[in-house]
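Here's the structure, in structure tokens; my notes come after.
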Amino acid sequence: MARIIEEFRQFAVQGNVMGLAVGVIIGGAFSGIVSSVVKDLIMPVVGVVTGGLDFSNRFIRIGPIPATFQGNPDSYKALQAAGVSATN
């Protein structure tokens, strides 16, 4: 067991773990930046070009609606709460 811990220390000291940690942090920040650019810059332009369409409530239902569903089938949040597979 001590040998495994020592090998892990050597691995961590080489910079591999630090490089992985930095990559994960940068990836998370980049994801937020891309989401913001799409939401705040690209989609408003697409909405203007398409005549003012609002894409915030557009989705594609993938799974079937259960027979016990009581909500609005045109509401993404209601379908998501019922466990129906849908993507927007």
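The values are calculated or read from the model by the stated rules, or taken from the named source; none is laboratory data. Just so you know, these numbers come straight off a predicted model, no measurement behind them. Cβ sites come from the backbone with ideal geometry, for glycine too, and all protein chains shown count toward neighbours.
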Q: Test each condition in (1) surrounded by fewer than 11 Cβ atoms within 10 Å (Cβ to Cβ); (2) among the β-branched types (V, I, T); (3) modelled with pLDDT of 90 or more for T87 and report the one that comes out false.
A: (3)
**Q.** Where a residue in segment 39-57 is closer than 25 Å to A78 by Cα and its partner, wherever it lies, is assigned to a helix (DSSP H, G or I) and at pLDDT below 85, with Cβ under 9 Å and at least six apart
**A.** M43/F55; M43/S56; G47/F55
(Q) With loosely packed, with under 10 Cβ neighbours inside 10 Å, in a helix (DSSP H, G or I) and without any contact (Cβ under 8 Å) to a residue 60 or more places away in the chain as the only criterion, which of I26, I5 stands out? (A) I5
Q | Pick from segment 63-75, criterion surrounded by 10 or more Cβ atoms within 10 Å (Cβ to Cβ) and of a type in the set (A, V, I, L, M, F, W, C), ranking: farthest from the chain's Cα centre (by Cα) | A | F69
**Q.** Matching residues in segment 1-60 - criterion: being modelled with pLDDT of 80 or more and at positive phi
**A.** G51, G52
Q) Any residue at all in segment 39-60 that is touching a strand residue (DSSP E or B) at 6+ places or on another chain (Cβ under 8 Å) and surrounded by 11 or more Cβ atoms within 10 Å (Cβ to Cβ)? A) yes
